[in-house]
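Only one structure is covered here, and it is reproduced in the block below.
Each reported figure results from applying straightforward, stated rules to the coordinates on display, with no laboratory input. Small disclaimer: the values here were computed from a predicted structure and weren't measured. Note that each Cβ is placed from the backbone with ideal geometry, even for glycine, and that neighbours are counted across all protein chains shown.
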Amino acid sequence: MEQPQYLVAHLRRALAEDPRTAELGVHVTIRGDVVALDGEVATEERKRQLETVVREELPQARIHNDVRVALPGGPGASEALGSVDTGRS
């Protein structure tokens, strides 16, 4: 088996280059036979696809998928636009 740092680099590259995931912001750590994923993605489907890609690369690994799905944010507070008194006449 490869050294953990090489496996991490390999998995990060696979997650970034696979069109199903295309993720750069997912943190990967390996401890023994456990691959831990952490970070944030846009959809539940993308989160599941991360596990799929890791399983294809390391079928024997156990996966802890702690990736969070970002909740879509609504519009922010509106900005009040008004005239500004410059003190000039």
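Things worth noting here:
- One equal scatterer on each Cα of segment 1-44, no solvent, Debye formula: the resulting log10 I(q)/I(0) at q = 0.15, 0.21 Å⁻¹ is -0.37, -0.69.
- Order by protection proxy (mean Cβ within 10 Å, highest first), peptides 52-61, 33-42: 33-42, 52-61
- In this structure, the amide hydrogen of Ile63, modeled 1.01 Å from its nitrogen in the peptide plane, lies closer than 5 angstrom to those of Val35, counting only residues at least 5 positions away or on a different chain.
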